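Novice: There's a structure below that I have some questions on.
Just so it is clear, none of the values below were taken in a lab; they were calculated from the coordinates. Just so you know, these numbers come straight off a predicted model, no measurement behind them. When we count neighbours, we look across all protein chains shown, and the Cβ atoms used for this are built from the backbone with ideal geometry, even at glycine.
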Amino acid sequence: MRFTYAETMTDPSYYLALAKAAEEAGYTSMAVADSVAYPKESDAKYPYTPDGNRDFLEDKPFVEAFVLSAAMAAVTTTLRFTPFVLKLPIRPPVLVAKQAASVAALSGNRFGLGVGISPWPDDFEIMGVPFDKRGARMDECIDIVRGLSAGGYFEYHGQFYDIPPIKISPVPTEPVPILIGGHSRPALRRAAQRGDGWMHAGGDGAELDRLLGELDTLRAEYGTRKDFEVHVISLDGFTVDGIKRLEDKGVTDVIVGFRLPYTTEQDTEPLETKIANLSRFAEKVIARVNG
């Protein structure tokens with residue numbers, strides 16, 4: 001089992017120290033949150049809180065995902081970094097390919113690109129991208145990012161993007177894994193059909209079992225690669241026995257965090273406490289599972 005440490009909306013000056021501590025403790029990767037801007041007025045709902053409220057995001061610090069990944073990669077040697085998840089279709093896919101390939105090349109293939117569709121029309125509006133047909137746009141973006149980041153000349157002629165033969169340099173020596181986030185049927189299908197893995201955003205155990213079962217069915221339908229990554233957030237991830245249960249269900253990566261982020265208050269937890277929490281989990285669980 002691989003373990004991902006998640007910490008977000010915290011003091012930006014903490015991240016480099018947290019990355020070094022996570023690597024030393026034995027984590028495989030670190031999740032990197034993505035948010036472009038917070039609208040003053042919006043009717044949109046957040047899909048992963050019970051009441052859809054997203055006030056907890058206001059005034060919270062989000063360092064740009066590629067910048068933060070590169071900075072943390074520069075002070076580590078083995079830790080992997082994965083946006084969780086980058087709102088892909090609001091961005092120009094050629095630029096995303098350039099950014100992802102650059103971080104992966106500089107870090108020695110330690111970057112996995114977690115992507116999803118923003119649930120908020122606001123994100124599309126402020127980036128000048130139509131909200132309509134966002135799923136089909138997402139599919140084209142994935143194809144373009146994968147094609148360009150692989151190296152060599154690549155061209156694309158789709159419904160939304162028309163790209164002449166171009167190439168980017170540098171590119172990493174291994175493909176950038178593209179991991180698809182989301183719980184909807186289209187998101188699961190997209191992961192099975194186009195992704196190198198799937199990223200779960202949390203929820204109860206019964207819901208996770210349903211999603212994993214649906215994903216397995218779709219993977220069988222599309223002949224998904226055997227090294228497909230399955231990243232989940234689960235209470236089972238906090239015990240050795242629970243990890244065994246997740247492994248039996250095909251989970252490859254467990255995402256763990258030690259602070260509830262869905263609160264309007266600013267994070268005042270000291271850096272020393274964060275490091276102590278991630279280190280304690282590593283001693284009690286990671287070492288016993290992988291030791």
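Novice: Which of rounded, prolate, oblate describes region 191-270, given a ≥ b ≥ c as roots of the alpha-carbon gyration tensor eigenvalues and a/c under 1.5 marking rounded, otherwise prolate only if a/b is larger than b/c?
Specialist: prolate
Novice: Nothing charged except the Cβ atoms of Lys and Arg (+1) and of Asp and Glu (-1): what's the magnitude of the dipole of region 165-246 about its Cα centre? Round to the nearest 20 debye.
Specialist: Charge dipole, region 165-246, about its Cα centre: 380 debye, nearest 20.
Novice: For labels at VAL240 and ALA136 in the simple 7 Å Cα→Cβ model, what's the distance in nm?
Specialist: Those two pseudo-labels are separated by 5.3 nm.
Novice: In straight Cα distance, which lysines are under 17 Å from LYS40, not counting same-chain residues fewer than 8 positions off?
Specialist: By straight Cα distance, LYS40 reaches LYS60.
Novice: Cut-off 10 angstrom, C-alpha nodes, Gaussian network model of the chain. Which of LEU57, LEU113, LEU148 fluctuates the most?
Specialist: LEU57
Novice: Starting from the 7 Å offset along Cα-to-Cβ, what nm value, one decimal, do you get for the label separation of TYR262 and ARG210?
Specialist: 1.6 nm
Novice: OK, next. Amide H to amide H, which residues 5 or more places from MET30 or on other chains are under 5 Å from it, using H placed in the peptide plane?
Specialist: Close amide H contacts, sequence-distant or interchain: TYR5, ARG80, PHE81, THR82.
Novice: At 222 nm, what helix-only mean residue ellipticity would the chain give, in deg cm²/dmol to the nearest 500, using -39500 (n - 2.57) for each DSSP H run of four or more?
Specialist: -11500 deg cm²/dmol
Novice: Using modelled backbone amide H atoms (1.01 Å from N, in-plane), which distant-in-sequence or interchain residues come within less than 5 Å of VAL230's amide H?
Specialist: TRP198, THR252, ASP253
Novice: Which of rounded, prolate, oblate describes region 156-217, given a ≥ b ≥ c as roots of the alpha-carbon gyration tensor eigenvalues and a/c under 1.5 marking rounded, otherwise prolate only if a/b is larger than b/c?
Specialist: Prolate, since a/c reaches 1.5 and a/b exceeds b/c.
Novice: Name the residue farthest towards the positive end of the dipole of the chain from the options LEU16, HIS157, MET72, assuming +1 on Cβ of Lys and Arg, -1 on Cβ of Asp and Glu, about the Cα centre.
Specialist: So the residue we want is HIS157.
Novice: Let me ask something else. In whole Å and largest first, what semi-axes does the C-alpha gyration tensor of region 123-178 yield when each eigenvalue is scaled by 5 and square-rooted?
Specialist: Square roots of five times the eigenvalues give 23, 13, 10 Å.
Novice: Below 8 Å between Cα atoms, with a sequence gap of 6+, how large is the relative contact order for the chain in percent?
Specialist: 21 percent
Novice: Here's another thing I want to ask about it. State the extension gain, in nm to one decimal, for the chain segment bounded by SER279 and THR173, taking 0.36 nm per residue of separation less the distance between their alpha-carbons.
Specialist: 35.0 nm
Novice: Where a ≥ b ≥ c are the square roots of the eigenvalues of the C-alpha gyration tensor, would you call the chain rounded, which needs a/c under 1.5, or, failing that, prolate if a/b is larger than b/c, or oblate?
Specialist: Judged from the Cα gyration tensor, the chain comes out rounded (a/c under 1.5).
Novice: Would you mind working out the magnitude of the charge dipole of the chain relative to its Cα centre, with +1 at each Lys and Arg C-beta and -1 at each Asp and Glu C-beta, to the nearest 20 Debye?
Specialist: Here the size comes out at about 780 debye.
Novice: Anything over 24 Å Cα to Cα? Flag those among LYS45/LYS87; LYS226/LYS249; LYS226/LYS284, in the order listed.
Specialist: Violating the 24 Å limit, Cα to Cα: LYS226/LYS284.
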